[in-house]
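One structure is given here, and the rest of the page talks about it.
The values are calculated or read from the model by the stated rules, or taken from the named source; none is laboratory data. Bear in mind that the values here come from a model prediction, so they are computed numbers and not experimental data. Note that we place each Cβ from the backbone using ideal geometry, even for glycine, and neighbour counts take in every protein chain shown.
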Amino acid sequence: MNSPGKLKIFLGYAAGVGKTYQMLDEAQCLKSKNVDVVIGYFEPHGRKDTIAKTEGLETVPRKKVDYRGATFEEMDTEAIIARQPKVAVVDEFPHTNVPGSAREKRWEDVLFILEHGIDVLTTMNVQHLESLNDHMAHVTGVKVRETIPDWVVKQAVEVVMVDLTPRALLNRLERGVVYPQDKAKRAMENFFKESTLVALREMALRQTAMEVEERLEQSDAAAALLPSTSANGQTVSGQPPAPHDAIVIYISDDPSTAMLIRRGKRVADVIHADCFAIFVTEQSDLKSLPAAKREAVERHLNFARNLHIETRVLAGTDHAKTIVEFARMHNARQLFLPRLVGKGMDRMLGKSFVHQVVSMATDFEVTIVADRKQERAAG
């Protein structure tokens with residue numbers, strides 16, 4: 001079996017900043033050095049300069065998928081693997097495949113290609129990062145449906161920020177370089193407002209800086225673990241890293257739990273802490289829960305697992321005491337709770353639970369996260 005391929009991501013903050021162009025420019029550079037490169041998937045969007053960058057590069061034909069009486073074209077992952085190039089160029093990393101495809105998401109296709117020893121160059125915008133999903137909705141007013149788990153992005157050996165000032169991007173839109181004039185006008189009235197682009201660009205720059213910092217820290221940690229030679233010639237082993245702090249996220253059936261999971265995971269990644277998502281029930285499993293509640297809790301636990309968060313179902317009649325004891329046992333640095341919003345007795349019980357947790361958690365932080373939509377509805 002080949003060793004896994006290497007992933008390189010060209011990251012931007014909006015369509016039109018030049019991610020695909022730069023990715024293809026690198027592909028052309030590799031080809032000039034006699035590296036075997038193919039285009040696995042390319043979305044031209046009618047951009048002439050970008051299309052010109054594909055000249056001379058071999059393209060693996062797309063496969064046709066029939067769905068509900070219509071025919072769609074998708075990347076042919078199996079054909080790319082059968083071709084066995086050194087590098088495959090794959091545009092639009094967050095894309096959702098047509099139902100009936102072998103894998104649901106293009107990032108899953110890319111991971112499959114990497115498993116077969118093929119390097120991949122790909123593109124994405126920062127708003128598709130799962131942990132930023134709620135923040136992006138607040139900044140842009142648009143809920144991004146196609147997201148990529150943070151752990152997938154962390155598989156990349158390199159993340160390249162493709163930058164363009166918001167003013168320059170708007171100039172490209174006005175000239176019809178990014179979209180046709182009618183579509184460009186609508187875009188500038190909605191998503192492509194300068195204030196929104198400035199916020200997105202800052203987020204992309206911050207994300208790239210975090211990636212660089214994390215890779216430097218990993219490099220330093222690996223160097224610390226390497227054996228070194230003392231003055232008398234004896235080999236001395238490096239010291240193992242200290243135990244990690246932890247972030248603990250409280251799971252409930254409330255719809256805001258997905259937002260809570262993203263926020264907690266984001267913080268855990270930033271401070272390099274272990275991350276746990278826990279649900280507390282009087283029984284040792286979920287079978288005793290009402291069907292609707294059980295379905296919601298299982299959905300949230302599965303969502304946490306997809307983000308590579310360790311999940312636990314804990315038995316306990318005193319929810320506040322159970323979650324605080326678990327957090328303390330796992331050296332928690334922060335405990336994430338929802339701001340429970342309801343009416344009547346539900347609201348009173350919710351406030352009581354949060355108050356009990358806060359009063360007991362004297363040795364770590366408790367972060368109470370409000371869902372803006374719920375707050376507006378309750379106000």
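Please specify each residue of the stretch 85-128 satisfying the condition of being over 22 Å from residue 25 (Cβ atoms) and aromatic (Phe, Trp, Tyr).
107, 112
Would you please list the contacts, defined by Cβ atoms under 8 Å and residues six or more apart or on different chains, that run from a residue in the stretch 68-92 that is assigned by TED's automatic domain parsing to the domain that holds residue 38 and among the small types (Gly, Ala, Ser) to a residue that is part of a loop (DSSP other than H, G, I, E, B) and surrounded by 15 or more Cβ atoms within 10 Å (Cβ to Cβ)?
Partner pairs satisfying both residue conditions: 79/60; 88/60; 88/118.
Report, by residue number, each residue of the stretch 145-179 that is surrounded by fewer than 17 Cβ atoms within 10 Å (Cβ to Cβ), out of contact with any Gly (no Cβ under 9 Å at 6 or more places or on another chain) and part of a loop (DSSP other than H, G, I, E, B).
145, 146, 154, 155, 157, 165, 175, 176
If you check residue 11 against the conditions, is it crowded, with 22+ Cβ neighbours inside 10 Å and not in a helix (DSSP H, G or I)?
yes
Based on what the data block shows, is residue 194 over 26 Å from residue 108 (Cα atoms) and among the acidic types (Asp, Glu)?
yes
Those residues that are part of a helix (DSSP H, G or I) and of a type in the set (S, T, N, Q), I need them from the stretch 23-50; list them, please.
28, 32, 50, listed by residue number.
Filter the stretch 111-144 down to the residues that are assigned to a helix (DSSP H, G or I) and over 16 Å from the mean Cα position of the chain (by Cα) and list them by number.
112, 113, 114, 115, 138, 139, 140
Report, by residue number, each residue of the stretch 352-379 that is among the small types (Gly, Ala, Ser), part of a helix (DSSP H, G or I) and at pLDDT 85 or above.
359
Can you tell me which of (1) of a type outside the set (Phe, Trp, Tyr); (2) touching a strand residue (DSSP E or B) at 6+ places or on another chain (Cβ under 9 Å); (3) surrounded by 22 or more Cβ atoms within 10 Å (Cβ to Cβ); (4) closer than 30 Å to residue 191 by Cβ is the one residue 101 doesn't meet?
If we test residue 101 against (1) of a type outside the set (Phe, Trp, Tyr); (2) touching a strand residue (DSSP E or B) at 6+ places or on another chain (Cβ under 9 Å); (3) surrounded by 22 or more Cβ atoms within 10 Å (Cβ to Cβ); (4) closer than 30 Å to residue 191 by Cβ, just (3) comes out false.
Go through the stretch 151-188 and count every residue that is touching a strand residue (DSSP E or B) at 6+ places or on another chain (Cβ under 8 Å) and among the β-branched types (Val, Ile, Thr).
Total satisfying the criteria: 5.
What number of residues within the stretch 18-49 are under 23 Å from residue 155 (Cβ atoms) and touching a residue at least 60 places away in the same chain (Cβ under 8 Å)?
9
Answer yes or no as to whether residue 121 is buried (at least 20 other Cβ atoms within 10 Å of the Cβ) and farther than 30 Å from residue 33 by Cβ.
Answer is no for this residue.
Test residue 95 against the stated conditions and say whether it is surrounded by 17 or more Cβ atoms within 10 Å (Cβ to Cβ) and not aliphatic (A, V, I, L, M).
Considered against the rule, which asks whether it is surrounded by 17 or more Cβ atoms within 10 Å (Cβ to Cβ) and not aliphatic (A, V, I, L, M), residue 95 comes out as yes.
For (1) in contact (Cβ under 8 Å) with a residue 12 or more places away in the chain; (2) closer than 24 Å to residue 57 by Cα; (3) basic (Lys, Arg); (4) not assigned by TED's automatic domain parsing to the domain that holds residue 196, each residue gets a yes or a no:
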| residue | (1), (2), (3), (4) |
| --- | --- |
| 115 | yes, yes, no, no |
| 151 | yes, no, no, no |
| 159 | yes, yes, no, no |
| 167 | yes, no, yes, no |
